[in-house]
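Structure first, then comments.
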Amino acid sequence: MTTLLSLADRLGHWQMRWGLGRMRYRVAPGLYAVGAPDDDSPVVVTANYKMSFDLLRRALHGMAAWVVVLDTRGINVWCAAGKGTFGTAAVVQQVMVCRLAEVVRHRTLILPQLGAPGVAAHEVQKGCGFRVVYGPVRAADLPSFLAAGMQATPAMRRVTFTTTERLVLTPVEITSMLKPSAWGIVLLLLLGGIGPGWFSPAAALSRGGTAIAVGLAGVLAGTVLVPALLPWLPGRMFAVKGAIVGLLVAGIGLLLWGGRLGGLNSAALLLALPAVAAWCAMHFTGSTTFTSPSGVEKEMRRTIPVQAAALLAGGICWVLAAFF
């Protein structure tokens, strides 16, 4: 197995960043050889999400190792650990299926640290005879980890979430908004044409087009600005962070064009844009390192009704503005 990524691999990674065909981006589960491993070479375990697999084999460039790939249904290690597909039973089963005990003399498996929530190390040893050692958070640190006798430094154990790491995730967030945005565009064009003359195609394009621009500004505020500014935004709930950014963007819009909008349109802007931004920002919780399923569910129950009410009120103000 080569450790050099091809152009097709890199294009595939770009495609995954945009969430295109993500659930089909996988490799076959099984045992893979990196370099020319022997019966003393280390054994590393990973998921069958191809990007995870690719980053691991790239990190092992110039080394000899065995890679056990679990069937996580094309999901990365961290998410699969939470869903149970990167778990104790999966590790034991794949070790047995690969007949790993006949391939290597030692009895040590190196698992990614982010897979730990799904794996009970003592149960793995009981089930297949291999002890579990948790490797570093990032695959890039594996060579140093192995060179140090499988000892991790504090930096190797630390999960980071830098601005760059957050912005890398924004394209898939934007893509996830395309379908609801398409329906929103159709609805805004229809509502935009409503006025004193019942329906005007010209008004649908002018008023509807303006409303679409406001909606897209809300989407970008929630999917790009919130991740970029995440550590500096007040509040724990992502919906609140999104609403704050949405209010700032709406405020800038009022400063620039408020004189031409009028009272009802201005109210619509202040209500609708933060609601859209809050809803979009809330979707980013699944990409972060400091949220939990229970916390996300609680936030959704508390904030979605408020978002819906604000969006409805903003829509009513906007439609009424055509009559005054």
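When the chain is described by a simple charge dipole with +1 on each Lys and Arg Cβ and -1 on each Asp and Glu Cβ, the residue from G184, T160, A147 located farthest towards its positive end is G184. Shown in residue order for segment 8-13 are the 3J(HN,Hα) couplings computed by the Karplus curve 6.51 cos²θ - 1.76 cosθ + 1.60 at θ = phi - 60°: 5, 4, 5, 5, x, 5 Hz (x for Gly and Pro).
The share of C-alpha pairs in segment 277-324 whose separation exceeds 14 Å stands at 60 percent.
In the chain, what percent of the accessible surface is made up of carbon and sulfur (1.4 Å probe, ligands and nucleic acids excluded)? Carbon and sulfur: 67 percent of the exposed surface of the chain.
When the helices of the chain are scored as -39500 (n - 2.57) per DSSP H run of n ≥ 4 and the total is divided over every residue, the value at 222 nm lands at -17500 deg cm²/dmol.
Remark: segment 21-178 carries a charge dipole of roughly 300 debye about the Cα centre, counting +1 on each Lys and Arg Cβ and -1 on each Asp and Glu Cβ.
In a reduced charge model with +1 at each Lys and Arg Cβ and -1 at each Asp and Glu Cβ, the chain shows a dipole moment near 280 debye about its Cα centre. Going down the table (K50/K126; K50/K241; K241/K298; K50/K298), which pairs top 25 Å between alpha carbons? With Cα atoms farther than 25 Å apart: K50/K126; K50/K241; K50/K298. Going by Cα centres, segment 117-154 and segment 81-114 are how many Å apart? Measuring centre to centre over Cα atoms gives 11 Å.
In µm²/s, what is D for segment 215-322 at 25 °C and 0.890 mPa s, where D = kT/(6 pi eta Rh) by Stokes-Einstein and Rh is the Kirkwood radius from Cα pairs?
176 µm²/s
Per-residue 3J(HN,Hα) values for segment 79-90, derived from phi via the Karplus relation 6.51 cos²θ - 1.76 cosθ + 1.60 with θ = phi - 60°, read 5, 5, 5, x, 8, x, 7, 9, x, 4, 4, 5 Hz in sequence order (x marks Gly and Pro). Among F238, F161, F86, the residue with the largest mean-square fluctuation in a Gaussian network model of the chain, with springs joining Cα atoms closer than 10 Å, is F161. Excluding ligands, DNA and RNA, the accessible surface per residue across the chain is 51 Å² with a 1.4 Å probe. Using DSSP to call loops (not H, G, I, E or B), can you name the trypsin sites (Lys or Arg not before Pro) in segment 19-100 whose Cβ has at most 15 other Cβ atoms within 10 angstrom? Those satisfying the criteria are R73, R99. Need one number: % antiparallel among DSSP beta bridges in the chain, to the nearest 5. Roughly 45 percent of the beta bridges in the chain run antiparallel, per DSSP.
Mean sequence separation of contacting Cα pairs (under 8 Å, at least six apart), scaled by the length of the chain, corresponds to a relative contact order of 12 percent. Taking N as the residue count of the chain, its C-alpha radius of gyration divided by 2.2 N^0.38 Å amounts to 1.27.
How high is the relative contact order of segment 112-268? Use alpha-carbon pairs under 8 Å, at least six apart in sequence, and give a whole percent.
For segment 112-268, the relative contact order is 14 percent.
Give me the mean projected area, in nm² to one decimal, of the convex hull enclosing the Cα positions of segment 67-192.
Over all viewing directions, segment 67-192 projects a mean Cα-hull area of 10.7 nm².
Rounded, prolate or oblate for segment 141-208? Axes are the square roots of the Cα gyration tensor eigenvalues, ordered a ≥ b ≥ c, and the cut-off for rounded is a/c under 1.5. Can you show the working numbers first?
Numbers: a/c = 7.71, a/b = 5.96, b/c = 1.30.
Prolate, since a/c reaches 1.5 and a/b exceeds b/c.
Charging the Cβ of each Asp and Glu at -1 and of each Lys and Arg at +1, and nothing else, the dipole of segment 176-324 about its Cα centre rounds to 100 debye. Proximity of backbone amide H atoms, modeled 1.01 Å from N, is registered between R26 and K50 at under 5 Å, excluding neighbours fewer than 5 places apart on the same chain.
The values are calculated or read from the model by the stated rules, or taken from the named source; none is laboratory data. Treat the numbers as computed from the prediction; the structure is a model and nothing was measured. Glycine also receives a Cβ, built like all others from the backbone with ideal geometry; neighbour counts cover every protein chain displayed. Please note that ligands, DNA and RNA were not included when accessible areas were found on the heavy atoms of the full protein model with its side chains. Shrake-Rupley method; radii C 1.70, N 1.55, O 1.52, S 1.80 Å.
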